[in-house]
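The structure appears below as structure tokens.
The values are calculated or read from the model by the stated rules, or taken from the named source; none is laboratory data. Treat the numbers as computed from the prediction; the structure is a model and nothing was measured. A quick note on method: Cβ atoms are made from the backbone with ideal geometry, for glycine too, and the neighbour counts reach across all protein chains shown. Surface areas here come from the heavy atoms of the whole protein model, side chains and all, with no ligands, DNA or RNA. Shrake-Rupley method; radii C 1.70, N 1.55, O 1.52, S 1.80 Å.
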Amino acid sequence: QAGGGEPGGPSIDVVLTEAEPVPGGSFAGEVLVVPPRDARPRDLAIEIRVLRDARQGGQRVRTQVRRIRHSIALPATPGEPLSFRVPIPEEFPPPSRVAFNHVWWELSVFLPVYARAAKATITFDVP
């Protein structure tokens, strides 16, 4: 479960009901969006990123290896939970940690217009 938002602004709460964080798997869950008082956003973005930290020339370098993004229309009535299912592409490298090479996934849910104000992120990593 993850949530994010500022007082009086938009907020997002995410509950995963199913998570199979492997290539070819999927993420499923529910999102509850409380829109800002002064606006009615139309869509929600769900993004999965594959990130890598590696040592190069004595320095740690973070890169984004892959990214997919889905857009989902928000329900007409604010406060209704929204169900989602996002497939994970087969070509995504699985989370791993070998020597100085670390790969992990981030699942982010946000309102594109208010991405800085309301964003929920769940990290999937190796234990």
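So, of the residues in segment 1-28 that are in a strand (DSSP E or B) and closer than 24 Å to Ser96 by Cα, which turns out to be modelled with the lowest pLDDT?
Initially, segment 1-28 is screened for residues in a strand (DSSP E or B), giving 2-5, 11-19, 26-28.
The next check asks that each one be closer than 24 Å to Ser96 by Cα; those that pass are 2, 16-19, 26-28.
Numbers: Ala2: 59, Leu16: 90, Thr17: 90, Glu18: 85, Ala19: 81, Ser26: 91, Phe27: 90, Ala28: 91.
Per the criteria, the residue is Ala2.
In this structure, does Val31 turn out to be in a strand (DSSP E or B), without any contact (Cβ under 8 Å) to a residue 40 or more places away in the chain, open to solvent by less than 70 Å² (accessible area, probe 1.4 Å) and within 20 Å of Phe124 (Cα to Cα)?
Numbers: in a strand (DSSP E or B): yes; without any contact (Cβ under 8 Å) to a residue 40 or more places away in the chain: no; open to solvent by less than 70 Å² (accessible area, probe 1.4 Å): yes; within 20 Å of Phe124 (Cα to Cα): yes.
Spelling it out, it is not the case that Val31 is in a strand (DSSP E or B), without any contact (Cβ under 8 Å) to a residue 40 or more places away in the chain, open to solvent by less than 70 Å² (accessible area, probe 1.4 Å) and within 20 Å of Phe124 (Cα to Cα).
I need a count of the residues in segment 59-110 that are in a loop (DSSP other than H, G, I, E, B), modelled with pLDDT of 90 or more and closer than 16 Å to Leu16 by Cα.
1
Among the residues of segment 43-92, count how many are open to solvent by 70 Å² or more (accessible area, probe 1.4 Å) and touching a helix residue (DSSP H, G or I) at 6+ places or on another chain (Cβ under 9 Å).
Residues meeting the conditions: 1.
Quick check on segment 111-127: of everything there that is part of a loop (DSSP other than H, G, I, E, B), open to solvent by less than 50 Å² (accessible area, probe 1.4 Å) and over 25 Å from Gly58 (Cβ atoms), which residue is modelled with the lowest pLDDT?
First pass over segment 111-127, keeping only residues part of a loop (DSSP other than H, G, I, E, B): 111, 115-118, 125-127.
Now drop any that are not open to solvent by less than 50 Å² (accessible area, probe 1.4 Å), which leaves 111, 115, 117-118, 126.
Filter once more, so that each one left must be over 25 Å from Gly58 (Cβ atoms): 111, 115, 117-118.
On the way: Leu111: 83, Ala115: 57, Ala117: 61, Ala118: 74.
Per the criteria, the residue is Ala115.
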